[in-house]
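Written below as structure tokens is the structure these notes are about.
The values are calculated or read from the model by the stated rules, or taken from the named source; none is laboratory data. Just so you know, these numbers come straight off a predicted model, no measurement behind them. All Cβ positions, glycine included, derive from the backbone under ideal geometry; neighbour counts span all protein chains shown.
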Amino acid sequence: MNTNPSQKPSLPLPPPSEILRKNPWPIAIIAYFSVFFTFIVFFIAFASRQRVDLVRADYYEAEIKFQQQIDRVERSRPVAAEVALKYDARAAKIIVQLPRESRAGAYGKIELYRPSDARQDKNIKLTPDATGQQQIDVRELKNGLWKVRVSWTCAGQEYFVEKPITISNS
């Protein structure tokens, strides 16, 4: 045995299963950090696969033309009350009604803008009838918020009106 009197006798160590039964903290700490690390890895993988769209694909070019847009909106302010953009849920149509003075010789476009997904945007040529009205079938559009943007030119002047519409096709 121990022949040196200055050394204390060593106690036998209990088996590892006995240590863990008495103190579960080492396993709890390891498990906590393992779960945390796994969560971080899955979150990074999930976040890296998400699409991040700008509002428009040509955002910077559109920003340069912004002053022209401000001019269109200001010019449209007096006639904006006469422009009707309505959604008829029963007929699944958007009805665009131009003001009386813009009916003759008006041309332009109607943009159906989906803020949540740029891939669903639609551009339609503005072709009003003799009463200044155009109907757009929206049965193929997804339900949700859409912004209807009408820009037209009449007598050499450009106009622009925008209205949000919530489509709810059954």
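Overview of values
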quantity: Count - residues of segment 125-170 that are in a strand (DSSP E or B) and closer than 26 Å to R51 by Cα; calculated: 10
quantity: Any pair with Cβ under 7 angstrom, 6 or more apart, that starts in segment 75-103 at a residue that is assigned by TED's automatic domain parsing to the domain that holds A155 and within 26 Å of N143 (Cα to Cα) and ends at one that is modelled with pLDDT of 80 or more and among the basic types (K, R); calculated: L85/K163; A92/R139; I95/K86
quantity: Subset of segment 97-134 that is at pLDDT below 90 and of a type in the set (V, I, T) - its residue that is nearest to V161 (Cα to Cα); calculated: T127
quantity: Tabulated pairs, segment 142-170, first surrounded by 12 or more Cβ atoms within 10 Å (Cβ to Cβ), second of a type in the set (K, R) and in a loop (DSSP other than H, G, I, E, B), C-beta under 9 angstrom, 6+ apart or interchain; calculated: K142/R114; G144/R114; L145/R114; W146/R114; K147/R114; C154/R103; I167/K142
quantity: Helices (runs of 4 or more DSSP H) lying entirely in segment 1-84 (those with 2 or more residues that are loosely packed, with under 10 Cβ neighbours inside 10 Å, modelled with pLDDT of 75 or more and out of contact with any Phe, Trp or Tyr (no Cβ under 7 Å at 6 or more places or on another chain)); calculated: 25-48, 59-64, 66-76
quantity: Single condition L112 does not satisfy, out of (1) assigned to a helix (DSSP H, G or I); (2) in contact (Cβ under 8 Å) with a residue 12 or more places away in the chain; calculated: (1)
